[in-house]
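The structure appears right after this line, and notes come after that.
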Amino acid sequence: MAAGGRGRGAVGRAVVALLVVALLLGGVAAWRLDLVGRLGDDGSGSAAGAPAGPAAVPPPAGLELPALTDPTPVDSALTPPGRIDPALVQAAVAPYLSEPVLGQHVVGAVADLGAGRPVVKLGGGSAAMPASTTKLLTTTAALSVLGPETRFTTRVVAGGKGRIVLVGGGDPFLSSKPLPAAYPQHADVQTLAAATAAALKQQGRTRVRLGYDDSLFSEPSFNPAWPAHYLPEHVVSRVTALWVDEGRPAVGSGRVDDPSLYAAQTFAAALTANGIKVVGPPVHGVASAGRELASVQSAPLRELVARILEVSDNEGAEVVSHQVGVAVAHSGTFADGAAAVTRTLQGLGVTAAFDIHDGSGLSRENEVTPLALVQVLRLTLDPAHPELNPIATALPVAGFTGSLTNRFDQPFPESRGLVRAKTGTLTNVSALAGIAVDQDGHEMLFALMADQIDQPDETKAQRALDAAAGALGACHCGVVPN
């Protein structure tokens, strides 16, 4: 009994000790987690009787603080800009657009973004050769028809009897190798070949015959509306639905003769590097509905468009135009692409005249009125069309980005950063279309074009158009209130 009593006493003391430790730990936890204050919370976020917030905490005893007052404004209230004064706009641009170096045919339009109507027209509103400002039309239609998140897929499918087929999806920036630093991100055929090789090896296959399919786009691959010398002088690649590096060779300069075949050969070499023997040369044809082995996708269209506009990428613009043709007319040709772009823009409300024959502006047969360019620009800023906003945000910024990086230093350096515009340049042609914000915050849309420039004057003519656009950014062009 004595031994049992001692045992029970030891157990009791241990239990008491454990209870004391538990209470101490609970107290520490309550203090660390502020549970005491929360248990007394009345639902307002403060414990019962505690101040509701910092402002309700009384100052220490003996300290008197002045009553809170509203701070004094540091400047007058910002008021929205008023209307554009046409006379002030005309006075700003006229000295530069009357420069003799611009030639005999200078046209333009400036519109008040807020009011949505032109305030100044130059040259009677006639059409002119737009050069690369055509890309504004092409990319706007593409975003409207295809959507900004659309991606273009390059696939490899089973072709039967030991054959696989590389199928072009019209990816304008498909590359021959990975380009980790590129923007937008490029899909590439080396990555595609590695995935294809892995799929083939899972099937126990290490030998294949290779076909290639570029049938998404149709002939001709060279636009008949382009000057014939563009081809031998490598001004632009033949346009196909399957190419790498926009039809440029891996070594040297110029363009390859057959972009689709060159892409297939590049893919075949990558397959070989991944342990797959390619038997015979790649064979051109149309793929059957075989099982997909691997695929790679382009960046979203909004990123492709941004790049095309920033650096004025001719090949990229032509592929995108063909994609609009496929989406609207089920035909990927130069003619159907241009017609689909036209139909799309007219459906969006572009009423001013334009006549285009390609997607890049390389054709000298294109004719566009300045007002049509202004109407397209207005669409890209319309809240009712958020899908078109990538156009406005991608425009090169004067003095900072893209094709305007080294321009707009004179005579209005204060306009740098206040003008965003797409450039257009061909022999005897210069154009500029975009958005300007004047010194008081008035937003204007403009298109300035000259297409009868003497060749020795082309650089001076470009500077004259820059000066006119810069004058919009440097002016105080709003209506002065009474």
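The values are calculated or read from the model by the stated rules, or taken from the named source; none is laboratory data. Quick caveat: nothing in here was measured; it's all calculated off a predicted structure. All Cβ positions, glycine included, derive from the backbone under ideal geometry; neighbour counts span all protein chains shown. Ligands, DNA and RNA are excluded from the accessible area calculation, which covers all protein heavy atoms including side chains. Shrake-Rupley method; radii C 1.70, N 1.55, O 1.52, S 1.80 Å.
Results, tabulated for the structure shown:
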| quantity | calculated |
| --- | --- |
| Matching residues, the range 138-177, being open to solvent by 10 Å² or more (accessible area, probe 1.4 Å), part of a strand (DSSP E or B) and of a type in the set (A, V, I, L, M) | ALA158, VAL167 |
| Among (1) in a helix (DSSP H, G or I); (2) modelled with pLDDT under 95, the one test that VAL119 misses | (1) |
| Hits in the range 313-333 - residues which are in a helix (DSSP H, G or I), in contact (Cβ under 8 Å) with a residue 24 or more places away in the chain and open to solvent by less than 10 Å² (accessible area, probe 1.4 Å) | GLU315, GLY316, ALA317, GLU318, VAL319, VAL320, SER321, HIS322, VAL324 |
| Filter pass, VAL101 being at pLDDT 80 or above and either closer than 30 Å to ALA384 by Cα or in a loop (DSSP other than H, G, I, E, B) (or both) | no |
| Those residues of the range 375-391 which are open to solvent by 10 Å² or more (accessible area, probe 1.4 Å) and outside any loop (DSSP other than H, G, I, E, B), in sequence order | GLN375, ARG378, LEU379, PRO386, GLU387, ASN389, PRO390 |
| Residue match in the range 178-189 (condition: without any contact (Cβ under 8 Å) to a residue 12 or more places away in the chain, open to solvent by 40 Å² or more (accessible area, probe 1.4 Å), in a helix (DSSP H, G or I) and in contact with a strand residue (DSSP E or B) (Cβ under 9 Å, 6 or more places away or on another chain)) | no |
| Within the range 395-423, tally of residues that are part of a helix (DSSP H, G or I) and either in contact with a strand residue (DSSP E or B) (Cβ under 6 Å, 6 or more places away or on another chain) or within 20 Å of LYS460 (Cβ to Cβ) (or both) | 4 |
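Conditions (1) of a type in the set (S, T, N, Q); (2) on the phi > 0 side of the Ramachandran plot, marked per residue:
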| residue | (1), (2) |
| --- | --- |
| THR150 | yes, no |
| LYS161 | no, yes |
| LYS177 | no, no |
| ASP188 | no, no |
| ARG207 | no, no |
